[in-house]
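The values are calculated or read from the model by the stated rules, or taken from the named source; none is laboratory data. These numbers come from a predicted model, not from an experiment. Counting neighbours? That spans all protein chains shown, and the Cβs are built from the backbone with ideal geometry, glycine included.
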Amino acid sequence: MDGFVARKNIASNPLWQTREPRLSALDIELTERCDNACQHCYINLPQNDPTARAAELTTSEWKRILKEAAQLGVLRVRFTGGEPLLREDFAELYEYARRLGLRVTLFTNARRITPELAALFQRIPPLQKIEITVYGMTAETYEEVTCAPGSFAEFRRGIDLLLASGVPFLVKSVDLPQMRHELPAFQAWAATLPGMELPASVTRILDLRARRDSPARSKHIAALRGDPEEVARNRLASSNLRADILRLAADQHGANALFGCAAGACALPTIDARGRMQACMLLRAPQLAYDLRAGSMTDALEHFFPRLGWMKSETPAFLRRCARCFLRNICDQCAAKSWMESGTLDTPVEYYCQVTHAIARQVGLLAEGERSWDVTNGRERANRILGGINEPEPGSNLSTL
Amino acid sequence: MSLSLDQIYQLSEDVVAREIEGELIIVPLAAGMGDADDELYTLNETGRVIWSKLDGQRSLADVVRELAQEYDASESEIAADVCGLVAELVRRKMLVAAS
């Protein structure tokens, strides 16, 4: 506190004295089109896809949505895609959002960062680091992933422009067979960047096509997924994550609720490129999306989304497995991903079971051959292991527990 | 910083002020408003009361007179608070003198 004015870093300080706004953050998918053609991507459509382009909200429609978001109390919007910089009105929408008092996170591949855009970010900072996904450390690898000749040079130019302008950004990557061998070099490079206070995040589990628009592409993505044991090992590379996993397992309680996550409360909704409001970025089941061209976010939040919190599964496979699984809180299984995989909201996804079982085995929660939904003393197992962790060996970095 | 009570002050174009659930949130728009670019600002209760009067129309003297009628405090006490807040906001480039 300095006199009358308090500076708040809202990541570490509570902002609200009494009650919080109905909505504090919003994801905005400006387009489903992308200038890369990565085969592992869950959403990208061709850059010049006329149908996708025609279906996108107009500039004025986006402005109406941004204005309503600000009125609802939203403080942060995330512009994503597709590649959001493909929108010719991106700079206009960005500045409009910032002038409404919104902080902006931008997810981009950086290929379309121009000197003008870098200058805009310098003059009106987004107040959030720009997040850039990196697909390789060499042109050969990068363009093998992106299937876009010349994309590596454009990406590097974008990075250089942001660095020269002093615009804060972070980089992240994806664990793909094509670039797995370059991940150590990527991490080493990332550590040299000014905005990287933590190791770069690497997506380990690939999502299938979000709109279920290409069974062939989904099959290809599934084939790119890493071995479950290896994925588990990578996830556990962080000792804090290991502790979190044990805590989550200990606190788990079986349930047949479909939405035990933030989506059930519609806490971080997404507006897709066509103006459909979703409870989360992945939840594209048409029956659970609200058309903002025919209504408002307020109406959606008050009358459409609350029912998600009440939805329960009656599917035998879900009730037999997920509803009884003491590892449910650490599993990637959710209604959105189930829909992407199977077209239903509550079909267990075998790959997620495999990864979660592998994690559980590696931390000692499950024995070889055991299935988590058959375990009746999961909480006791987790607590027993937690007790062991609470007595760290000298030099252990688990002492923060 | 010395302030003239005859001066009128208004919100700088470099910030956006928002009221959300009773909280006044000041969001930097231009670069270089604070030490870090990811921080927002709020005012304490006294600051919010004074802020509500700084509309680019009233002089600081008008603000002091109005507040003295509304609150049980002397004009000199209120003037000290008003000038304290305005000086701080001007220093932070959140408020500018109206021309």
Consider A:Gly369 against the criteria (1) more than 30 Å from A:Gln287 (Cβ to Cβ); (2) modelled with pLDDT of 90 or more; (3) in a helix (DSSP H, G or I): it satisfies all of them except one. Which criterion is unmet? (3)
Based on this model, can you work out whether A:Leu26 counts as over 12 Å from A:Glu83 (Cα atoms), buried (at least 17 other Cβ atoms within 10 Å of the Cβ) and out of contact with any Leu (no Cβ under 6 Å at 6 or more places or on another chain)? yes
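Hey, can you tell me all the residues within segment A:372-401 that are in a loop (DSSP other than H, G, I, E, B), among the polar types (S, T, N, Q) and modelled with pLDDT of 70 or more? Break it down into steps so the answer makes sense when it comes.
Taking segment A:372-401 first, the residues in a loop (DSSP other than H, G, I, E, B) are A:375-377, A:390-401.
Next, only the ones that are among the polar types (S, T, N, Q) stay: A:376-377, A:390, A:396-397, A:399-400.
The answer is A:Thr376, A:Asn377.
Say we look at segment A:178-196 and pick out the residues that are surrounded by 13 or more Cβ atoms within 10 Å (Cβ to Cβ) and more than 21 Å from the chain's Cα centre (by Cα); which of these is modelled with the lowest pLDDT? Even if it seems obvious, please write down each step before you answer.
Just the residues of segment A:178-196 that are surrounded by 13 or more Cβ atoms within 10 Å (Cβ to Cβ), to begin with: A:178-180, A:182-183, A:185-187, A:189-190, A:193, A:195-196.
Pick out the ones that are also more than 21 Å from the chain's Cα centre (by Cα) and you get A:178, A:182, A:185, A:189, A:193.
Details: A:Gln178: 93, A:Glu182: 97, A:Ala185: 97, A:Trp189: 98, A:Leu193: 97.
Checking each candidate, the answer is A:Gln178.
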List pairs: first residue in segment A:128-144 and buried (at least 18 other Cβ atoms within 10 Å of the Cβ), second residue of a type in the set (Gly, Ala, Ser) and not in a strand (DSSP E or B) anywhere in the structure, Cβ distance under 7 angstrom, at least six positions apart or on different chains. A:Lys129/A:Gly195; A:Ile132/A:Ala110; A:Met137/A:Ala185; A:Tyr142/A:Gly136; A:Tyr142/A:Ser151; A:Glu143/A:Ser151
Flag for A:Arg274 being under 28 Å from A:Thr146 (Cα atoms), among the charged types (D, E, K, R), within 18 Å of the chain's Cα centre (by Cα) and in a loop (DSSP other than H, G, I, E, B): no
Residue by residue through segment A:257-271, note down the ones that are buried (at least 16 other Cβ atoms within 10 Å of the Cβ) and either of a type in the set (Val, Ile, Thr) or in a helix (DSSP H, G or I) (or both). A:Ala263, A:Gly264, A:Thr270, A:Ile271
Taking segment A:57-88, which residues are within 15 Å of A:Leu268 (Cα to Cα) and without any contact (Cβ under 8 Å) to a residue 60 or more places away in the chain? A:Leu66, A:Ala70, A:Gly73, A:Val74, A:Arg76, A:Val77, A:Arg78, A:Phe79
Here the residues within segment A:4-34 that are under 20 Å from the mean Cα position of the chain (by Cα) and modelled with pLDDT of 85 or more are A:Leu23, A:Ser24, A:Ala25, A:Leu26, A:Asp27, A:Ile28, A:Glu29, A:Leu30, A:Thr31, A:Glu32, A:Arg33, A:Cys34
Would you mind finding the one in A:Asn383, A:Asn377 that is surrounded by fewer than 23 Cβ atoms within 10 Å (Cβ to Cβ), in contact (Cβ under 8 Å) with a residue 60 or more places away in the chain and farther than 23 Å from A:Glu229 by Cα? A:Asn383
How many residues, within segment B:67-99, are within 14 Å of chain A (Cβ to nearest Cβ), more than 12 Å from B:Ile50 (Cα to Cα) and surrounded by 14 or more Cβ atoms within 10 Å (Cβ to Cβ)? 7
Considering only segment A:332-351, state which residues are in contact with a Pro (Cβ under 9 Å, 6 or more places away or on another chain) and either of a type in the set (Lys, Arg) or closer than 17 Å to A:Val231 by Cβ (or both). A:Gln333, A:Tyr351
Tell me, please, whether a residue that is in contact with a helix residue (DSSP H, G or I) (Cβ under 9 Å, 6 or more places away or on another chain), under 26 Å from A:Arg99 (Cβ atoms) and at the interface with chain A (Cβ under 7 Å from one of its Cβ atoms) can be found in segment B:51-66. no
In segment A:86-120, anything under 26 Å from B:Glu19 (Cα atoms) and either within 9 Å of another protein chain (Cβ to nearest Cβ) or part of a loop (DSSP other than H, G, I, E, B) (or both) is listed as A:Arg98, A:Arg99, A:Leu100, A:Gly101, A:Leu102, A:Arg103
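Which ones in segment A:112-127 are of a type outside the set (A, V, I, L, M, F, W, C) and either more than 12 Å from A:Pro84 (Cα to Cα) or crowded, with 24+ Cβ neighbours inside 10 Å (or both)?
If we filter segment A:112-127 for residues that are of a type outside the set (A, V, I, L, M, F, W, C), which is where we start, we get A:112, A:114-116, A:122-123, A:125-126.
Within segment A:112-127, A:Thr114, A:Pro115, A:Glu116, A:Gln122, A:Arg123, A:Pro125, A:Pro126 meet the criteria.
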